[in-house]
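Every number here is computed from the coordinates shown, using simple stated rules; none is lab data. Not measured: the values here are computed from a predicted model. When we count neighbours, we look across all protein chains shown, and the Cβ atoms used for this are built from the backbone with ideal geometry, even at glycine.
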Amino acid sequence: MVHVISLGVGERALLSDPAQDALRRADLIIGSERQLHTVASYPSQGRTAPLPSPFSRLQELLSRDSGQEIVLLASGDALFFGVGNWLNRNFPPSQLRFYPQISSVQAACHEVGLDEHDMQVISLHGRPFASLRAQLRNRRRYALLTDQHSHPQAIAQALQAWGMRDSTLWVCEQLGYPEQRIRKFSVAELLASPPDVHALHVTLLQTAGPGGVLPEFPGMADQDFHTDGEPGKGMLSKREVRLCILSLLQPCAEDIGWDVGAGCGGVAVEWARWNPRGQVYAIERHEERLRQLQRNREHFGVVRNLHVVAGRAPDALADLPRPSVVFIGGSDGEMDTLLRHCWEQLPPGGRLVASAVTEDSKSRLQQFQAHIQDGDAEWTQIAVSRGETLAGQLLMRPQLPVTLVKFSKRTFSS
């Protein structure tokens, strides 16, 4: 049995009676030097071992001594952005027992006096700093778990650039230790005089400012995308069409999606931004479009769940995880092959949406509909006109109509 004892925050752990009993009966106690020091005052007879790195070595250690009573020490709350998630993925519940303590976020909120219930926690530890762009909203509260790349000054610089210059930050260092320090900063103060900050800290954030830089709602402006043409033009699905495509796809949390012929990434980026728990694979073969797709991935901060795949489909699809939803926006003359291949990859209940502008593409979609026996089709045509000024007068200029077809794979044969 592995007893996972959360230590909370502070120089000395305040253990519950069950946690003390587990520590006293342990044959092996695993923890870092600092963690072992926090429980040194509690009686125990077990031998100690340093926390190994990487975690694969920890798995070997825990598995090798599985017949013993093992205590694994965990900073803060093991089940809150801690080791608990990794343990639950690698060991059955019958081999684990968890002992709770408060997290660093909970301690920080109590020190500052901010409610926890409406605070979103974002971990930047070991994650790309650009991912923060996809998660921040104006006039919201956040707790940021950071590393050396996401220090308070870097956060302030980002807030300034993203239209949130009136934000307030609380930097909470060495919580629970005699050296504990809580400081409140404005963005301007952090930019003018960057403070020295202890590595052991949590940053609380109240965003505020004029905004207008990062999108807050689906339907991102075309001109905000980098393209292979003029701003808002080029190989990019326009906003109205993009939203209709996503409404037909109906992506869910944990979905794996393919955007085949992704162009500059209009659909893929918006898809990934508003479904952060899904994984989107954008497949594109044209070099310049790929470059713009990568730029948009960074610009909108969807670096954690949007994966750019360079290559021509269907060959480029061979090593990808099987999808539950697929969008075909470009086929390079391979529409028939792509439809059949993607349909075969979908599970029952999966959705495939394809777009067509030419009569030839529409005809191929009709032929595919007639071919499949295990799916249903829904046809939509979108014709958008946008206002322009000509000789001082309003002119509604029509865009090319786009036909969208949603193929839904039945969950049973009929």
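Over the Cα atoms of the range 2-102, each weighted equally, I'd like the Debye log10 I(q)/I(0) at q = 0.16, 0.19, 0.20, 0.24 Å⁻¹, rounded to two decimals.
-0.60, -0.87, -0.98, -1.51
Roughly what % of DSSP beta bridges within the chain run antiparallel, to the nearest 5?
Numbers: 37 of 76 bridges.
Antiparallel bridges: around 50 percent, rounded to the nearest 5.
Report the FRET efficiency, 1/(1 + (r/R0)^6), for Leu36 and Val121, where r is their Cβ-Cβ distance and R0 is 30 Å, rounded to 0.05. Before the final figure, lay out the partial values.
Numbers: r = 27 Å, r/R0 = 0.91.
Computed FRET efficiency for Leu36 and Val121: 0.65.
With the Cα gyration tensor of the range 105-206 giving a ≥ b ≥ c as the square roots of its eigenvalues, does the rule (a/c under 1.5 for rounded; else a/b larger than b/c for prolate; else oblate) give rounded, prolate or oblate?
On the way: a/c = 1.38, a/b = 1.22, b/c = 1.13.
Rounded, since a/c falls under 1.5.
Below 8 Å, C-alpha to C-alpha, sequence gap of six or more: please give me the relative contact order for the range 1-133 in percent.
On the way: 188 pairs, mean separation 47.1, N = 133.
Result for the range 1-133 is 35 percent.
Among the lysines in the chain, how many pairs, 8 or more places apart or on different chains, have alpha carbons under 30 Å apart?
On the way: Lys233/Lys362; Lys233/Lys406; Lys238/Lys362; Lys238/Lys406; Lys238/Lys409; Lys362/Lys406; Lys362/Lys409.
Taking the Cα cut-off of 30 Å, the pair count is 7.
Report the relative contact order of the chain, percent, no decimals, based on alpha-carbon pairs under 8 angstrom and at least 6 residues apart. Don't skip to the end; give the middle numbers.
Working: 793 pairs, mean separation 43.6, N = 414.
Computed value for the chain: 11 percent relative contact order.
Which three numbers, in whole Å and largest first, are the semi-axes of the equivalent ellipsoid of the chain derived from its Cα gyration tensor as √(5λ)?
48, 30, 16
Please sort by residue number the trypsin sites (Lys or Arg not before Pro) in the range 70-161 whose DSSP state is loop and whose Cβ has at most 13 other Cβ atoms within 10 Å. Before the final figure, lay out the partial values.
Values: sites: Arg89, Arg97, Arg133, Arg137, Arg139, Arg140, Arg141; in loops: Arg137, Arg139, Arg140.
Answer in residue order: Arg139.
Out of the range 91-189, which chymotrypsin sites (Phe, Trp or Tyr not before Pro) are coil in DSSP terms and have no more than 15 other C-beta atoms within 10 Å? Provide the component values of the computation, followed by the final result.
Details: sites: Phe98, Phe129, Tyr142, Trp162, Trp170, Phe185; in loops: Trp162.
Qualifying residues, ordered by number: none.
Under 8 Å for C-alpha pairs, at least 6 residues apart: give me the relative contact order for the range 78-145, rounded to a whole percent. Show your work: numbers first, answer last.
Values: 33 pairs, mean separation 19.8, N = 68.
Relative contact order comes out at 29 percent.
So what's the gap between the Cα centers of the range 93-171 and the range 1-70, to the nearest angstrom?
Spelled out, the Cα-based centre of one part sits 28 Å from the other.
Connecting C-alpha atoms closer than 10 Å in a GNM of the chain, tell me which of Ser66, Ser104, Ser186 has the biggest fluctuation.
Comparing Ser66, Ser104, Ser186 in a Gaussian network model of the chain, the most mobile one is Ser66.
Given points 7 Å out from each Cα along the Cα-Cβ axis, report the Leu394 to Arg322 separation in nanometres with one decimal.
According to this spin-label approximation, the distance is 5.2 nm.
With a cut-off of at most 13 other beta carbons within 10 Å, and DSSP calling the residue loop, which GluC sites (Glu not before Pro) in the range 103-201 qualify? Please list them.
Within the range 103-201, the qualifying GluC sites (Glu not before Pro) (loop, at most 13 other Cβ atoms within 10 Å) are Glu179.
The range 222-409: D in µm²/s via Stokes-Einstein (Kirkwood Rh, Cα pairs, 25 °C, 0.890 mPa s)?
Details: Rh = 16.8 Å.
Here the translational diffusion coefficient equals 146 µm²/s.
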